[in-house]
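One structure is given below, encoded as structure tokens.
The values are calculated or read from the model by the stated rules, or taken from the named source; none is laboratory data. On a predicted model such as this, the values are computed, not experimentally measured, just so you know. Please note: Cβ atoms are built from the backbone with ideal geometry, for glycine as well, and neighbour counts cover all protein chains shown. Remember, those area values only see protein heavy atoms, side chains included, never the ligands or the DNA or RNA. Shrake-Rupley method; radii C 1.70, N 1.55, O 1.52, S 1.80 Å.
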Amino acid sequence: MTRRRAMTSAALVAAFAVSTACGGPADAPALAKVVLAKDVVVDGLRSPWAVTFLSAEEALVTEKHGGLLRIHLQTKDVVSVSGLPGDLVDDIGVETPSDNGGLFDVALDPDFAANRRIYLSYAAKGDGGRTTKVVRGVLEGYALTDLETLLVAEPYTDGEYHHYGGGLIFGADGMLYITIGERLYDERDEPDLPIAQDVADRRGKIYRLTPDGRPPADNPDFGAEASPGLYALGVRAAQGLALHPETGDIWFSEHGTRQGDEINRLRAGANYGWPIRTSGGYRHPDYAPPEIDADFTAPEWHWLQTVAPTGLVFYRGTEFPTWRDDLIVSGLSRGSLWRIKFENRTIVSVEELFVHDRARSRDVAVSPDGALYMLTDTLFESGEDGRLRYTGEPGGSLIRIRNAASAGSAGQRVIAAALCPGQ
């Protein structure tokens, strides 16, 4: 066990992009004003990937560089949790600057208060190369014990350091949902039957398992050759998963190649089409996917620009009352954060946050007391042209996003815009 003291910095305050002036009657309520502010809680993280909360005061943060941290949000003490899997690949940048390996998501068991179990996904190294792996263990103070393997996304492959997936979430049904990427960088390397379309290949899929790793009896039937626990297929590089607190729907983010970044609603038995169908283009325009007779599920939303969406969460706090049930989505490309509004499960508007204070955002989460947090990852920096520059040093922060208009903000430099009612 190692202990690190968090570095703190002054609050960073940025604007929400508003394209139109507030309309409506002159006596419209003043509560519409929102001033978005960033408070750095913990700095100096090593490419953080995911955050989840043990309580309103404590969080667990994973680092792609191989650390699981237990962070006290008030005292800002940071303690490394010991007992991580021995086959964890934590060599960011050692073999290639674009290596996506490391420790990925962390989720709490639905009965965590009683059994203290947590679930981890990560890039694992073994005979033949690497793959995505999911384990669970018992969190005892600052140590992880009793590790059990739940899923190994075989085959292990060499020379493929991309798109591991690794998203974890428990659904309203108490089942564990897992995203597994197809791991290819170039679609020209696809076999005749593309990886994400091959039900016998564990890559490029979404799985639904019981908390102890068994396939539930009511999972979709993809045939006798299908990977155990298979729930949906046709996925390229899905990472983030979010549970709607009222409908129980699960939504996930998906990386395209040339554009084609998507937001999808998870449906049992769905085929999301990759690489036969895409809302963007291919990395190489001469790639011609095979014809497959299948029903494909279209995305609920796709961006026209590259966003590289990662973590996402439905907002349920009170600090931003007009944001209730909106989907907050983090993005790596150029550094972006998005707010997506729904009406009856349909996306009706998409707005970008912090356009004057961009930071490559890896995850967003809401604490038990309703506070909104984000993780940044500075292993790469984005230039004005949108191109990424490798910094050679894993970095990042845990940041609290707050409404500076709802509380005293004396002494802070505010660059902000007032939001209209309902925005």
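Hey, does the range 73-92 have a residue that's at pLDDT below 95, open to solvent by less than 20 Å² (accessible area, probe 1.4 Å) and either within 24 Å of Asp43 (Cβ to Cβ) or within 17 Å of the chain's Cα centre (by Cα) (or both)? The answer is yes, given that some residue of the range 73-92 is at pLDDT below 95, open to solvent by less than 20 Å² (accessible area, probe 1.4 Å) and either within 24 Å of Asp43 (Cβ to Cβ) or within 17 Å of the chain's Cα centre (by Cα) (or both).
Can you name every residue in the range 332-345 that is open to solvent by less than 30 Å² (accessible area, probe 1.4 Å), of a type outside the set (Ser, Thr, Tyr) and farther than 17 Å from Asn403 by Cα? If you could, list the steps in order and put the result at the bottom.
Within the range 332-345, the subset open to solvent by less than 30 Å² (accessible area, probe 1.4 Å) is 332-333, 335-340.
Now restrict to residues that are of a type outside the set (Ser, Thr, Tyr): 332, 335, 337-340.
Of everything in the range 332-345, those that are open to solvent by less than 30 Å² (accessible area, probe 1.4 Å), of a type outside the set (Ser, Thr, Tyr) and farther than 17 Å from Asn403 by Cα turn out to be Leu332, Gly335, Ile340.
Residues considered: Ala172, Ala143, Ala217, Ala153. Of these, the only one that is within 22 Å of Ile276 (Cα to Cα) and either modelled with pLDDT of 95 or more or in contact with an Asp or Glu (Cβ under 6 Å, 6 or more places away or on another chain) (or both) is Ala153.
Among the residues of the range 234-249, those identified as open to solvent by less than 10 Å² (accessible area, probe 1.4 Å) and at negative phi are Val235, Arg236, Ala237, Ala238, Gly240, Ala242.
Checking each residue in the range 298-327 for being free of Cβ contacts under 8 Å to residues at least 60 places away in the same chain and touching a Lys or Arg at 6+ places or on another chain (Cβ under 6 Å) picks out Glu300, Asp326.
Here the condition is being β-branched (Val, Ile, Thr), surrounded by 15 or more Cβ atoms within 10 Å (Cβ to Cβ) and over 29 Å from Asp221 (Cα atoms); of Val329, Val348, it holds for Val329 alone.
The selection criterion, being under 21 Å from Ser121 (Cβ atoms), β-branched (Val, Ile, Thr), buried (at least 21 other Cβ atoms within 10 Å of the Cβ) and in contact with a Leu (Cβ under 6 Å, 6 or more places away or on another chain), does not hold for Ile263.
Checking each residue of the range 363-370 against the condition of being under 20 Å from Ile169 (Cα atoms) and β-branched (Val, Ile, Thr) gives at least one match. I'd like the residue in the range 154-207 that is of a type in the set (Ser, Thr, Tyr) and within 22 Å of the chain's Cα centre (by Cα) and, out of all such residues, is nearest to Glu63 (Cα to Cα). Among those residues, the one meeting the criterion is Tyr164. A residue that is open to solvent by 10 Å² or more (accessible area, probe 1.4 Å), in contact with a Pro (Cβ under 9 Å, 6 or more places away or on another chain), within 16 Å of Ala238 (Cα to Cα) and assigned to a strand (DSSP E or B) occurs nowhere in the range 143-156.
Condition first: among the small types (Gly, Ala, Ser) and either closer than 17 Å to Gly181 by Cβ or outside any loop (DSSP other than H, G, I, E, B) (or both). Now tell me which residues in the range 252-268 satisfy that. Lay out the reasoning, then the answer.
Of all residues in the range 252-268, those among the small types (Gly, Ala, Ser) come to 253, 256, 260, 268.
If the condition is that a residue be among the small types (Gly, Ala, Ser) and either closer than 17 Å to Gly181 by Cβ or outside any loop (DSSP other than H, G, I, E, B) (or both), then Ser253, Gly256, Gly260 are the ones that fit.
Selection of the range 157-205 for residues being touching a Ser or Thr at 6+ places or on another chain (Cβ under 6 Å), under 24 Å from Glu225 (Cα atoms) and either surrounded by fewer than 21 Cβ atoms within 10 Å (Cβ to Cβ) or not small (Gly, Ala, Ser) (or both) yields Tyr164, Ile180, Arg202.
The number of residues in the range 267-278 being under 21 Å from the mean Cα position of the chain (by Cα) and surrounded by fewer than 18 Cβ atoms within 10 Å (Cβ to Cβ) comes to 2.
Does the range 122-135 contain any residue that is open to solvent by 30 Å² or more (accessible area, probe 1.4 Å), outside any strand (DSSP E or B) and at pLDDT 95 or above? No, the range 122-135 has no match at all.
Among Glu160, Glu190, which is touching a Pro at 6+ places or on another chain (Cβ under 9 Å), at pLDDT below 95 and under 26 Å from Thr278 (Cα atoms)? Lay out the reasoning, then the answer.
Values: Glu160 fails: touching a Pro at 6+ places or on another chain (Cβ under 9 Å).
After ruling out the rest, the residue left standing is Glu190.
Regarding Ala226, is this residue among the hydrophobic types (A, V, I, L, M, F, W, C) and either farther than 22 Å from Val51 by Cα or free of Cβ contacts under 8 Å to residues at least 40 places away in the same chain (or both)? In short, yes. If I filter the range 93-111 for residues that are modelled with pLDDT under 95, open to solvent by less than 10 Å² (accessible area, probe 1.4 Å), assigned to a loop (DSSP other than H, G, I, E, B) and among the β-branched types (Val, Ile, Thr), do I get at least one hit? No, the range 93-111 has no match at all. Taking the range 387-401 as the range and being over 23 Å from Leu69 (Cα atoms), charged (D, E, K, R) and either open to solvent by less than 30 Å² (accessible area, probe 1.4 Å) or part of a strand (DSSP E or B) (or both) as the test, only Arg389 passes.
Can you name the residue in the range 118-170 that is hydrophobic (A, V, I, L, M, F, W, C) and out of contact with any Leu (no Cβ under 9 Å at 6 or more places or on another chain) and, of all such residues, is farthest from His244 (Cα to Cα)? Per the stated criteria, the residue is Ala143.
Which strands (runs of 3 or more DSSP E) does the range 269-363 wholly contain that include 1 or more residues that are of a type outside the set (A, V, I, L, M) and more than 16 Å from His255 (Cβ to Cβ)? Don't jump to the end; show me each part of the working.
Working: elements: 309-314, 327-331, 336-343, 346-353.
It comes to 309-314, 336-343, 346-353.
Just one of (1) over 20 Å from Trp49 (Cα atoms); (2) in contact with a His (Cβ under 9 Å, 6 or more places away or on another chain); (3) buried (at least 21 other Cβ atoms within 10 Å of the Cβ) fails for Arg208. It is (2).
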